[in-house]
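Everything on this sheet refers to the single structure shown next.
Nothing in this text is a laboratory measurement; each read-out follows from the coordinates by a stated rule. Treat the numbers as computed from the prediction; the structure is a model and nothing was measured. Every residue, glycine among them, receives a Cβ derived from its backbone with ideal geometry; neighbour counts consider all protein chains shown.
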Amino acid sequence: MELKDRVIVVTGGGSGIGRAMCQRFAKEQPKGIIVADIDPLAANQTAEEIGGIPCVCDLTLETNVKRLIDLAEGELGPVDLYCANAGLTYKGGCELPDPEWQRLWQLHVMSTVYAARLLVPGMLERKSGYFMLTSSAAGILTEIGSAAYSVTKHATVALAEWLSIHYARKGIGVSCLCPAGVDTGFLDHEDPIHQFLHMSAVTPEQVADLILNGIRDEKFLLTTHPEIDEFFAFKTRDYPKYLSGFQRLVEKLTKRKK
Ligand SMILES: NC(=O)c1ccc[n+]([C@@H]2O[C@H](COP(=O)([O-])OP(=O)(O)OC[C@H]3O[C@@H](n4cnc5c(N)ncnc54)[C@H](O)[C@@H]3O)[C@@H](O)[C@H]2O)c1
């Protein structure tokens, strides 16, 4: 899909990858871009930079996803490209309290389900539309520092696959971004796992280019580092070795932490 004259929504557009996406997409002369973010300052700033429309909203709630899509349709017309990119993480394993698990589930999965409920019928009628879901390398491999992040980002990939399987031949394209380290505020420089990711981090601008090209080519899986593809292939080839490799990495990083 080319972005000229398109109506675009970018969630998490206030900072990091989402902001870079808004800036890159704006150069393609779209009809307009809605910048959705829970952070009012960030949403307004990106929108101002690109001449877009801000929408300050917590996307974990269905009513807010509806308000976002109503705003896009009211101001610009039917949504052509919906980028479900907002995300966050909570460190820890299964001991993490339910509300944190639930928040990541709502943000990484249900917010896109809500958007798809509202957008898919119109896209099917027009035989045109696109979803770009930001998962993570954790969605096809793991994030050893966060069980809830790994699980919900796997679910993001599963949702993207499902949407593609059902709708790609009916005119709705789907891409799923699975980045490893990207140099944004998301990376916690005090955390040894994030420090490890930061060593080979790419810039959000590089990721925005990757996404734009991926949408142009209607490519499903978008990865930022060749190692992700290698590990993913290795996982399906030799699951036990893949798991023992990560077990060793956990030991190494935990020792470094002490
Ligand atoms: N930076 C990385 O290394 C990395 C790696 C893999 C995946 N990702 C994913 O990329 C996406 C973008 O992250 P980023 O690196 O740009 O981080 P970021 O923190 O700069 O951007 C995330 C944005 O999402 C917004 N957001 C959070 N909760 C929200 C909510 N409930 N409703 C609306 N907006 C909300 C934040 O305010 C923020 O502006 C996330 O989904 C993240 O999981 C990032």
Can you sort Glu161, Glu143 by how many other beta carbons sit within 10 Å, fewest first? Glu161, Glu143
Please give the helix 40-50 orientation as an angle from the longest Cα principal axis of the chain, in degrees from 0 to 90, rounded to the nearest 10. 60
At 0.36 nm per residue, and after removing the present C-alpha to C-alpha distance, how many nm does the segment from Thr236 to Trp162 gain when stretched out fully? 24.7 nm
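Where does each of Ser111, Ser128, Ser146 land when they are ranked from fewest to most other beta-carbon atoms within 10 angstrom?
On the way: Ser111 25, Ser128 16, Ser146 22.
In order of increasing Cβ crowding within 10 Å: Ser128, Ser146, Ser111.
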Relative to the longest principal axis of the chain, what angle (0 to 90°, nearest 10) does the C-alpha long axis of helix 16-26 take? 30
Value of [θ]222 nm, deg cm²/dmol, for the chain, DSSP H segments ≥ 4, -39500 (n - 2.57) each, nearest 500: -16500 deg cm²/dmol
Cα centroids of the stretch 138-201 and the stretch 90-112: how far apart, whole angstrom? 14
In the stretch 7-226, if the dipole is taken from +1 on Lys/Arg beta carbons and -1 on Asp/Glu beta carbons about the Cα centre, which of Leu88, Val207, Gly32 is farthest to the positive end? Gly32
Can you tell me, using C-alpha contacts under 8 Å and at least 6 residues apart, the relative contact order of the stretch 93-219 as a whole percent? 25
Based on other C-beta atoms within 10 Å, arrange Tyr82, Tyr114, Tyr239, Tyr167 from fewest to most. Tyr239, Tyr167, Tyr114, Tyr82
Over 30 Å between Cα atoms, which of Lys91/Lys127; Lys219/Lys255; Lys66/Lys219; Lys27/Lys91 qualify? Lys91/Lys127; Lys219/Lys255; Lys27/Lys91
How high is the relative contact order of the chain? Use alpha-carbon pairs under 8 Å, at least six apart in sequence, and give a whole percent. 18
Per DSSP, loop GluC sites (Glu not before Pro) in the stretch 184-258 with at most 15 further Cβ within 10 Å: Glu190, Glu218
List the GluC sites (Glu not before Pro) within the stretch 1-97 that DSSP assigns to loop and that have no more than 16 neighbouring Cβ atoms inside 10 Å. Glu2, Glu28, Glu95
Using label points projected 7 Å from each Cα along Cα→Cβ, tell me how many nm separate Phe246 and Glu49, to one decimal. 3.3
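Find how much the distance from Gln102 to Lys31 grows on full extension, using 0.36 nm per residue of separation minus their present alpha carbon separation; answer in nm with one decimal.
Details: separation 71, 0.36 × 71 = 25.56 nm, distance 3.51 nm.
Here the segment from Gln102 to Lys31 would lengthen by 22.0 nm.
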Degrees separating the helix 111-126 axis from the principal Cα axis of the chain, which is the longest one: 40
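So what are the stretch 7-226's ellipsoid semi-axes, whole angstrom, largest first, if each one is the square root of 5 times an eigenvalue of the alpha-carbon gyration tensor? Let's see the in-between values first.
Details: eigenvalues 128, 70, 63 Å².
In descending order, the three semi-axes are 25, 19, 18 Å.
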Would you work out the relative contact order for the stretch 123-172, in percent, from Cα pairs under 8 angstrom that are 6 or more residues apart? 50
Looking only at the stretch 175-192, which residues have a backbone nitrogen under 11 Å from a spot 7 Å from the Cα of Lys91 in the C-beta direction? 188-192
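Using the crude model of +1 on Lys and Arg Cβ and -1 on Asp and Glu Cβ, and no other charge, please compute the dipole size for the chain relative to its Cα centre, in debye to 20. Could you put the intermediate results ahead of the total?
Details: 27 positive and 32 negative charges, 138 e Å.
Once rounded to the nearest 20, the dipole reads 660 debye.
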Place a point 7 Å from the Cα of Leu61 along the Cα-to-Cβ direction; which residues of the stretch 11-52 have their backbone N under 13 Å from it? 38
